[in-house]
1. Could you pull out the pairs from Lys167/Lys246; Lys246/Lys295; Lys60/Lys246; Lys295/Lys354; Lys166/Lys219 whose alpha carbons sit more than 23 Å apart here?
2. Return the long-range amide H neighbours of Ala62 (sequence gap of 5 or more, or a different chain), with a cut-off of under 5 Å between placed amide H atoms.
3. Nearest 10 degrees, 0 to 90: what angle lies between the long axis of helix 34-47 and the longest principal axis of the chain (Cα atoms)?
4. Tell me, what is the percent relative contact order of the stretch 34-281, built from C-alpha pairs under 8 Å that lie six or more residues apart?
5. Rounded to the nearest 5, what % of the DSSP beta bridges within the chain are antiparallel ones?
6. Give me the number: length gained by fully extending Arg108 to Val401, i.e. 0.36 nm times residue separation minus the C-alpha to C-alpha distance, one decimal in nm.
7. Among bridges DSSP assigns within the stretch 34-281, what percent are antiparallel (round to 5)?
8. How far, in degrees from 0 to 90, does helix 178-187 lean away from the longest principal axis of the Cα atoms of the chain, to the nearest 10?
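What follows draws every value from the coordinates through simple rules; no lab data is involved. Bear in mind that the values here come from a model prediction, so they are computed numbers and not experimental data.
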Amino acid sequence: MDYFLYNDGALHAEDVALSQIATAVGTPFYVYSSASLLRHFKLLDDALQGMDHLICYAMKAASNQAILKLLGDAGAGMDVVSGGEYARARAAGIPAERIVFSGVGKTRSEMEMVMRGGIRQFNVESEPEMRLLSQLAVELEQIAPITIRINPDVDAKTHAKISTGKKEDKFGIPISRAREVYALAAGLPGLKIVGIDVHIGSQLTELEPFALAYEKVAKLAEILRADGHEIMRLDLGGGLGIPYEKNNGYPPSPADYGALIREKVGHLGCEIEIEPGRFITGNAGLLVSEVIYVKEGEDREFLIVDGAMNDLIRPAMYGAHHEIVPIVEPAAGADYQPYDVVGPVCESGDTFAKGRALPEMQAGDLIAFRSAGAYGAVMASEYNSRPLVPEVMVHGDQFAVIRARPSLEDIINRDIIPEWQ
Ligand SMILES: *Cc1c(COP(=O)(O)O)cnc(C)c1O
């Protein structure tokens, strides 16, 4: 459930009509419902009740300061994957002890920034990273708390581009080598082992891969404890899927996911961290766009809209499905017809949907792409010199621009013509 519903024939975000935002901000724009964001966070928080836990929102899914602050005020920590994300999280007031640093390619300067600023833990993904972190910690006369991300060799049964837990994926350390690598970590100065980390992929629509991975983690925790390591924390990653398509089944509920965690690792008495991104923001955001033209093709009709692949790249990149709905509620019994919904960018890949059934549309009509809150605005670019798409947040009957659309002047003035020209 989310808070994007028709009311009096007009699609609303909570109590604000989207047409009202479109008039104020112009299209295209992203809009987030703060009630939906908090609801999704709370569903997971409730699912983990009774276990010592921290939800570290994977902020790469949507990293606007307003979103971070909203979730941070509700008690969330953050999973960051770059120095930039760390800086964003701190700027939004997230305490250092609630931030975990993940990623396969942490640079020296990123690690240094994070060490100086404070961190809950580094999720270390390789031996060279571990050695560098150790050196740096010694230089800074600090102790770096670490988990080691293990790759459990589990098929997440999700899209190949977002599967991360199979042995051929670049992430983590093979579970078969875990004991050896923990022993190495224990012998390096400046590091303190605090637990184990795992993240097997994104948009998981079944519990089974989580079950397999968490069983392996639980066994490993016992082995590592027997080896003398202090395993007090388990970071179980993110990846819980969301429904993108109507009438196409539901991914596991957060309650069932929480129950699974309790069943598989509850007996270890560890502090539990999870790193959900998509689950929190995916269905809490829409991309709103206006129809520019309805164009007759030879055997189809094109709906050419003012949003494009640079604003929402998921269909072009992953073949992802987004529900597309008109902002004016279709009349009961309205006729639907197939449209190819496309953007103005000069690439055939700039296609959001083919043959999508919609009521008859006209130039000037507004549409919304659902489930666009995660991996939407954060992946946007200015390809074709299209200004970076703005973001809006709704709270009850109020809305605010949380990132403004840059002017063409702003965009052009970022370039510098060298003196010699
Ligand atoms: C991307 C990522 C996540 C979040 O994945 P979602 O599918 O959005 O929940 C969590 N942890 C790590 C390490 C990631 O890279």
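1. Lys167/Lys246; Lys246/Lys295; Lys60/Lys246
2. Close amide H contacts, sequence-distant or interchain: Tyr375.
3. The answer is roughly 30 degrees.
4. It rounds to 22 percent for the stretch 34-281.
5. Among the beta bridges of the chain, antiparallel pairing accounts for roughly 50 percent.
6. 101.9 nm
7. For the stretch 34-281, the DSSP antiparallel bridge percentage is about 5.
8. 60
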